[in-house]
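Everything below concerns the one structure shown next.
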Amino acid sequence: MSSYQETAQQIGSKVSFSYIVPDFANPTGETLTLEQRVELLRLVEDLNIPLVEDNPYGEIRFDGERSNSLLALDCQAKGSIENSRVIYCGSFSKVFMPGLRVGWVCASEEVINRLCLIKQASDLNSPAINQRVMLSLAQQQFDAQINKAKDSYRKKRNAMLAALADHMPSAVTWTKPEGGMFLWMTLPEELDAAELLERSVREAGVAFVPGQAFFADKSGKNTLRLSYSLPSEQKIAEGIKKLGAIIRAACS
């Protein structure tokens, strides 16, 4: 047995499952490459643990080539979904309406049966009328709605990237997502995004999420998440200009 396999077994005894948002992840907006997906599947196989693939943003791709889901790759390797250890979670909330809170799970029959029992015991299942409304919408308008959502978010993403290029100091960097709703900004190490948030809201009326909230070890003080899903292109341009001025002042 290799040292890698021994290490995997030792770690696996302490880990119950793996969780990943593979496409346009919240908060970074980044996407796993095909090589990273294959490596992750190999790792969970060696650890002998299930993999939860949470993919609410996967349909909202504006640029680049779409990657196969981890579930699809695992089914291809294993020959059947019944042999797959991947539990795929999807959602209608990001492309139709968030208020109905309807999503789906795709996994082996054994997993689905257990999840149905857990769901029923926890909240007596989602309202039937919500599910029926969403089913009707998905059957009639899913592809058209996806295209509308992609067109809207693409324009907003482009507006934010353009505004960042115009107004941020050179010491600030950010991701350039090919889809989804978020991008990730890294400030100079001496800056604290939480402190900047207080000033930004007070002086400019601009809010963001400090990056430290996404780190289990409380690091990442100089990072933050920006979302372009809600504001208009004009509001995005105005907000980034104001935020850029505050960051420039903090840097100086």
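Spatially close Lys pairs in the chain, defined by Cα atoms under 24 Å apart and a spacing of eight or more places or different chains, total 27. Peptides 106-113, 52-59 ranked from most to least packed give 52-59, 106-113, packing being the mean of other C-beta atoms within 10 angstrom over each peptide's residues. Rounded to whole numbers, the Karplus 3J(HN,Hα) couplings from phi for the stretch 40-51 are 5, 4, 5, 5, 5, 5, 5, 7, 6, 10, x, 10 Hz, using 6.51 cos²θ - 1.76 cosθ + 1.60 with θ = phi - 60°, and x at Gly and Pro. Placing a label point 7 Å from the Cα of residue 19 along the Cα-to-Cβ direction, the residues of the stretch 117-134 whose backbone N falls under 17 Å of that point are 119.
When the gyration tensor of the chain is built from Cα positions, what are the square roots of 5 times its three eigenvalues, in whole Å, from largest to smallest?
Working: eigenvalues 246, 126, 58 Å².
In descending order the semi-axes read 35, 25, 17 Å.
Residue 173's amide H: which non-local residues (gap 5+, or another chain) put their own amide H closer than 5 Å, with H modeled 1.01 Å from N in plane and none for Pro or chain starts? Hits under the 5 Å cutoff: 186. At 25 °C and 0.890 mPa s, grab the translational diffusion coefficient of the stretch 3-134 from Stokes-Einstein with a Kirkwood Rh over Cα pairs, rounded to a whole number in µm² per second. Here the translational diffusion coefficient equals 151 µm²/s.
Only four residue types carry charge here, +1 at the Cβ of Lys and Arg and -1 at the Cβ of Asp and Glu. Report the dipole size of the chain about the Cα centre in Debye, rounded to the nearest 20.
On the way: 28 positive and 30 negative charges, 176 e Å.
It works out to roughly 840 debye.
For residue 179, the residues 5 or more places off, or on other chains, whose built amide H falls under 5 Å of its own are 62. Projecting the Cα atoms of 172, 144, 223 onto the dipole axis of the chain, where Lys and Arg carry +1 and Asp and Glu carry -1 at the beta carbon, places 144 farthest toward the positive end.
For the stretch 3-134, a simple Cβ point-charge model (Lys and Arg +1, Asp and Glu -1, everything else neutral) yields a dipole of about 480 debye relative to the Cα centre.
Using helices alone, what [θ] at 222 nm do you get for the chain, with -39,500 (n - 2.57) per DSSP H run of 4 or more residues, divided over all residues and rounded to the nearest 500?
Details: 7 runs with 119 residues, N = 252.
About -16000 deg cm²/dmol.
All of the numbers you see were taken from the coordinates with simple rules; none came from a lab. This one's a predicted model, so the numbers in the text were calculated from it and none came from an experiment. All Cβ positions, even for glycine, are placed from backbone atoms using ideal geometry, and neighbour counts span all protein chains on display.
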